[in-house]
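Report on the structure given below.
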Amino acid sequence: MGKRDDLIAKYADDLKNKCGMSPDMDLLTKVTIGCGPAIYNDDASTVAATQDSELETVKENFLIKKLGLADGPQLMDAINAVIDTYGRSERNKYRAVVYYMLVKHFGKEAVYG
């Protein structure tokens, strides 16, 4: 297995064990690929949930630009709900896992179709 496959398996494990979700492996793979080379960088592969600027970046670059959602308070509410599901005390919140849960939350699977 390649490095990306190992990471996808790790993300699936997080979804199952930390988030209580049964992952759609096809969608998780597409979301992971969509993250690009960031998944291989220790800093870029995680979301710093305590930094407002990081959460703004997720909102602007992922929810608005990638998923095409309209800006509004519901976007930050969704990000915070996902972070709560992942566990605020969880040190490593993987970007691909957060993005996957946001895609599911907004029903935007078709973006990766």
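The values are calculated or read from the model by the stated rules, or taken from the named source; none is laboratory data. Not measured: the values here are computed from a predicted model. Note: ideal-geometry Cβ built from the backbone for every residue, glycine included; neighbour counts use all protein chains shown. Heads up: the accessible areas ignore ligands, DNA and RNA and are worked out on the full protein's heavy atoms, side chains in. Shrake-Rupley method; radii C 1.70, N 1.55, O 1.52, S 1.80 Å.
Which of the lysines could a cross-linker span from Lys65 if the Cα-Cα distance has to be under 27 Å and same-chain partners fewer than 8 positions apart are dropped?
The reachable lysines, counting only those whose Cα sits under 27 Å from Lys65, are Lys10, Lys30, Lys93, Lys104, Lys108.
Pulled fully out, how much extra length does the chain show between Ala110 and Ala44, if you take 0.36 nm times their separation in residues and subtract their Cα-Cα distance?
21.3 nm is the gain from fully extending Ala110 to Ala44.
Please return the longest range in the chain lying between exposed loop sites, taking trypsin sites (Lys or Arg not before Pro), DSSP loop only, at most 12 other beta-carbon atoms within 10 Å, and leaving the sites out.
Result for the longest clean stretch: 1-87.
Between Gly107, Ala48, Gln74, whose Cα lies farthest towards the positive end of the dipole of the chain when Lys and Arg beta carbons carry +1 and Asp and Glu beta carbons carry -1, centred on the Cα centre?
Gly107
Return the whole-Å distance between the Cα centroid of the range 57-113 and the Cα centroid of the range 21-46.
12 Å
Which Rg and Dmax, in Å, describe the Cα atoms of the range 56-108?
10.4, 30
So how strong a dipole does the range 3-112 carry about its Cα centre when Lys and Arg Cβ are +1 and Asp and Glu Cβ are -1, to the nearest 20 debye?
Roughly 200 debye for the range 3-112.
Testing the spin-label approximation: label points 7 Å from Cα along Cα→Cβ at Leu27 and Asp77. State their distance in nm.
Each label point is offset 7 Å from its Cα along the Cβ direction, giving 2.1 nm.
Could you look at the chain and say what percent of its accessible area is carbon and sulfur, using a 1.4 Å probe and all protein chains?
Looking at the chain in its full context, I get 47 percent from C and S.
Using a Förster distance of 35 Å, how high is the FRET efficiency between Lys18 and Ile64, based on the Cβ-Cβ distance and rounded to 0.05?
With R0 = 35 Å, the Cβ-Cβ based efficiency is 0.85.
Quick one: Kirkwood hydrodynamic radius for the chain, alpha-carbon pairs, angstrom, one decimal?
Answer for the chain: a Kirkwood hydrodynamic radius of 14.0 Å.
Could you give the accessible area per residue of the chain, probe 1.4 Å, as a whole number in Å²?
53 Å²
Just how much of Ile33 is accessible, in Å², when a 1.4 Å probe is used and the result is rounded to the nearest 10?
Rounded to the nearest 10, that gives 80 Å².
Using Cα pairs closer than 8 Å and at least 6 residues apart in sequence, work out the relative contact order for the chain, in percent.
Answer for the chain is 35 percent.
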